[in-house]
Each structure stands twice: as C-alpha cells, then as structure tokens.
Amino acid sequence: MTRISDLPQDLIEEILSRVPLTSQRAARSTCKQWNGLYKDENFTKKHRGKAANDTMMIMVYDSRVRLVSVDLHGIHKQKRGLFELSTELIGILKRIEVFEVYHCDGLLLCLTDCRMMKPDDPVVWNPYLGQVRWIKPRRKLAISGSYRYCMGYDNKNNHKILRFLDHDDGTAEHDIYDFKSDSWRVLDLTSDWIILDYREGLSLKGNTYFVAREREVEYRESLICFDFTSERFRHCLDLESNYRNGDTVILSAVREEQLAVLFSRVDTNTIEIRITTKIEANEVSWRNFLKVDVEPSMLRGMFSGFPSYRSSFLVDEKKKVALIYDNVFTSAYMIAENNYSNIVARGRTTCWPPVVCSYVPSSVQIQKGPVHARGKRKLRDF
C-alpha cells in the first residue's frame, strides 16, 4: 500500500498547493516536512496561483480580524454568496479586540483594544504561516493629537513599522521599529504634506503610500510615499488639480503589484478608478480602469459616513469589476462596465468601522526574537 510519504515530492507539492487556507493548519501540523514546505517561497507562489480565481480579503468586523475569500465573478452572476471564510483566528487573536489593521506583504499589523493590553500594543500576524508576534511600544502615546501606523520593508527585505503622531499644534513625532534588531528608534523627519485624520496608508512593494495635502496649498491632493529604505517621505505626483473639499479619494492594491485609486466628486454621480502602469521611486503613471455613473442614493450610501475616505474598495482586472465597501453600514456595492451597479451585501457593524483590504498569501517569516506579551510567549507556527 502506497503511503503519502512515498509519493514524489512534486506530487506532494501539487496536492498541498490545493489545500484551502481553512485546512492549512491541519496539513502543516501533520509533519515537519509539510510545515517546512509552507515556508518555502516557491511553494507559496504555487499556492498563490491556485487561489488566483478568488480575491482574498482582510476584514475587521465587530473588532475581530477575518480572512475571507471573495468571488466577484460568482456574485456578479448571482451564483453564490459574496464572502466565504478562508482561515480561522488562532490562539490569542480569538480573545482580543482589534480596531485597526495594516497589511504589508502577507503580514497583518493589528492594533488591539482589550483589558489585557494597552490600546497601543500592536501584534503582527502572518495568517498563511499562522505566526503571531507582539511588539512592545517604545513609549506611551500622547493623549492629544492623532496617530497612525504603517508597515513596510527596505531593499534588504527587513520589515519595519513606522508610528507617527500628529500633534494639535502642527508638529509631529516619528518612531520606527526594526524587526531584525527588535528595537525602536526616533526619526527626525520634516514633511511638506499633511495626512488627514483617518487617512490610512497603503503598503505596496515595501513602501507605504498616502493621499496627503500640501501644507501651503489648500485642496490639492498628492500621492506621497514613505520609503522604508531611506526612511523618508517623498512626493510621487499630484492626483487632481481641481480637487474640492468633500471629494472622495481612496487607495487600494491590485495583487500586491499595482496601486489603484478611486475618485468620487461631490458635484457628480460618477465613480472613476485608475490603476498604475508604472510605480517607481521617481515615476508613477496611470491608466483608466473603470468609470461608472451610479444613482445618487447609492452613491450617498457608499460614501455618506464620516469620514468617507475610510470606505474601501477591491478590483478584479480580468473581470473588470470593483467591490466598494462603505465605512459605516458594512454594505458592499459592486460596479462594473456599462454603468452596472448593485448592492451585493448588507449589514451593520456594532463597534469600529469595518476595515477591508486585499490579501495575498506570503511565506514572509516573522523574524525570531523576544516576543512581548503578558508573561512569556513563544512564537507559534500553527
């Protein structure tokens, strides 16, 4: 009788590459060989290719992180439901409340809010590998002002976390955490741009992009970037010269390879989405992806909450569709060619506004080192 261990390595990899995320923990815990295989980048690329038909999405709903599969084609044809759970929460993530999540290269940076920890204690999670690591903040956050996090990596693939606090008087503080050294340090940064409250960044190819406004120019939106190699902000391009107060500008990623931007103006019923054709240090170029006229009532539903730019969207280039997720009522809207628009899911959050962004599995390791939590914890692999 042939045992699984007797099968050729290529056949084993082909079988395991078809295992859905919901069953990966069971597969990885079977033997050390299989567990090690999931950490191999070439195998991860094969697994990623098998899952290419469905869009993976991170969703924070009612203070819990969910990784779900989204079938944009199926819901467009009304053949199946929109969301399907792809992986379960593990260990401590089942018991904490998460009010913010940032995605970078297959890693999730989750900001927690529960009685066990201070609200600014972040945890990093790799859903694909099932690894969790706590990050101990260098200092407490100030009470006044607004703060945000972003995560990226430098040209040596060393991951870092940037935390910056914008004070009410216009000054700012910046701290950066290095995964390799497991330490925080202060950055001396000055910037000509203002990133508005709740305007979150979008990580792509190691850097984090923001929609910001020049300090000396009213109502001009620009795309800026924090470069984790130089550890500096830099200007990429001006988005729109005729931007008006109240217009909606939202960023998204396409398969972790391209940047997408959604525009919706207060004086029209049009939604326009563009996707980058080139995104480099000194050059960014775009192409038009989708332009749809929608009913005014539906447009208000998409972006009526405060702030409207906390709404999220995902795109499927092959199927020429986009999914827009509003920031209050957790309703999902689909738009497509020929001015197609429809509500495909309804709901309501009972806590923080939902956070939705695309996800691509990755074998990125959370580097070994001290893992800070209440008491001693070991890095879990599954």
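The values are calculated or read from the model by the stated rules, or taken from the named source; none is laboratory data. The model shown is predicted, which means the values in this text are computed figures rather than measured ones. Virtual Cβ from ideal backbone geometry, glycine too; neighbours counted across all protein chains shown.
Annotations
- Under the condition of being hydrophobic (A, V, I, L, M, F, W, C) and at pLDDT below 70, the residues counted in segment 1-18 number 2.
- Close pairs (7 angstrom Cβ cut-off, 6 or more residues apart or separate chains): farther than 14 Å from C225 by Cα and loosely packed, with under 11 Cβ neighbours inside 10 Å in segment 139-162, modelled with pLDDT of 90 or more and not hydrophobic (A, V, I, L, M, F, W, C) anywhere: N155/T229
- Every residue from segment 204-259 that is assigned to a loop (DSSP other than H, G, I, E, B), at pLDDT below 85 and not charged (D, E, K, R): V217, Y219, S241, N242, Y243, N245, G246
- Condition check for N155: out of contact with any strand residue (DSSP E or B) (no Cβ under 8 Å at 6 or more places or on another chain) and at pLDDT 90 or above: yes
- The residue list V292, V371, V355 contains one member that is over 22 Å from the mean Cα position of the chain (by Cα), surrounded by 17 or more Cβ atoms within 10 Å (Cβ to Cβ) and at pLDDT below 85, which is V371.
- Of all residues in segment 318-337 being under 24 Å from Q258 (Cα atoms) and assigned to a loop (DSSP other than H, G, I, E, B), the one that is modelled with the lowest pLDDT: N327
- Among the residues of segment 262-278, the ones that are part of a strand (DSSP E or B) and at pLDDT below 85 come to 0 in all.
- Yes/no for Y147 being assigned to a strand (DSSP E or B) and modelled with pLDDT under 85: yes
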